[in-house]
1. Rounded to the nearest 5, what % of the DSSP beta bridges within the chain are antiparallel ones?
2. If you take the Cα Rg of region 191-238 and divide it by 2.2 N^0.38 Å, with N the number of residues, what do you get?
3. Beta carbons within 10 angstrom, averaged per residue: use that to sort the peptides 72-80, 23-31, highest first.
4. With no solvent and one equal point scatterer placed on each C-alpha of region 39-83, evaluate the Debye formula and give log10 I(q)/I(0) for q = 0.19, 0.32, 0.34 Å⁻¹, two decimals.
5. Can you give me the angle between helix 7-17 and the longest principal axis of the chain, using Cα atoms only, in degrees from 0 to 90, rounded to the nearest 10?
6. Report the FRET efficiency, 1/(1 + (r/R0)^6), for residue 161 and residue 236, where r is their Cβ-Cβ distance and R0 is 22 Å, rounded to 0.05.
7. At R0 = 30 Å, how high is the FRET efficiency between residue 130 and residue 94 if r is their beta carbon distance? Nearest 0.05 is fine.
8. With the contact rule set at Cα under 8 Å and sequence spacing of 6 or more, what percent relative contact order holds for the chain?
């Protein structure tokens, strides 16, 4: 795929949405969907006071912020300058028990020393990069993570999104409905493909399916791999 998506693509989105949109969806979520998404990821990450935590592909700093609320020393990194600007401006409005810092940078070449962080989180990020970039990302995560640390990765379920697109295509031809397409999700991956990347990068892992709107789907074997909306890994160094 010849992708035409750059940091400016995300810059434009952030400017269009505005700061209040970010606060209402990611910092003080007003609806159950966004609250539940944050809870799922934070329950897997389990930030503790004083821990050093890196939020990779942080966007406007959602998980760096919530980790700092828990007392951690959090750092967010993203290549979108407008996202980092928004993250700094929004977190400055709060008094946090911990600390949240943000910098613009490349997640595939993390500007940190080896074994710098107790924990890492990459939430809704890997679907925005190629498989080759995923391998580079996981190698970098392994490098900057402390030996006893964990990395939490959360992403949409490729099979579920592919089935949804197929159903929308059928509806389009039968009823003339518009086919939804998210060109930012060009890096969707299956559970089995990403398992291999983690193993090749020196990680062991625990894995689970999640579905925010229909949680029961994530608990049904076989059906969850087809219909659950999201996948989550808790990875640790081997």
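Laboratory data are not the source of any read-out in this text; all were calculated from the coordinates shown. On a predicted model such as this, the values are computed, not experimentally measured, just so you know. In this analysis, Cβ positions are derived from the backbone assuming ideal geometry, glycine residues included, and neighbour counts consider all displayed protein chains.
1. Working: 15 of 35 bridges.
Restricted to the chain, the bridges split so that about 45 percent are antiparallel.
2. Numbers: Rg = 11.9 Å, N = 48, 2.2 N^0.38 = 9.6 Å.
The reported ratio for this selection is 1.24.
3. Values: 72-80: 24.3, 23-31: 15.6.
Descending packing order for the listed peptides: 72-80, 23-31.
4. Reported log10 I(q)/I(0), two decimals: -0.51, -1.13, -1.21.
5. The angle comes out at about 80 degrees.
6. Details: r = 28 Å, r/R0 = 1.25.
Efficiency computed from Cβ-Cβ geometry: 0.20.
7. Working: r = 35 Å, r/R0 = 1.18.
Result of the calculation: an efficiency of 0.25.
8. On the way: 448 pairs, mean separation 39.9, N = 238.
Answer for the chain is 17 percent.
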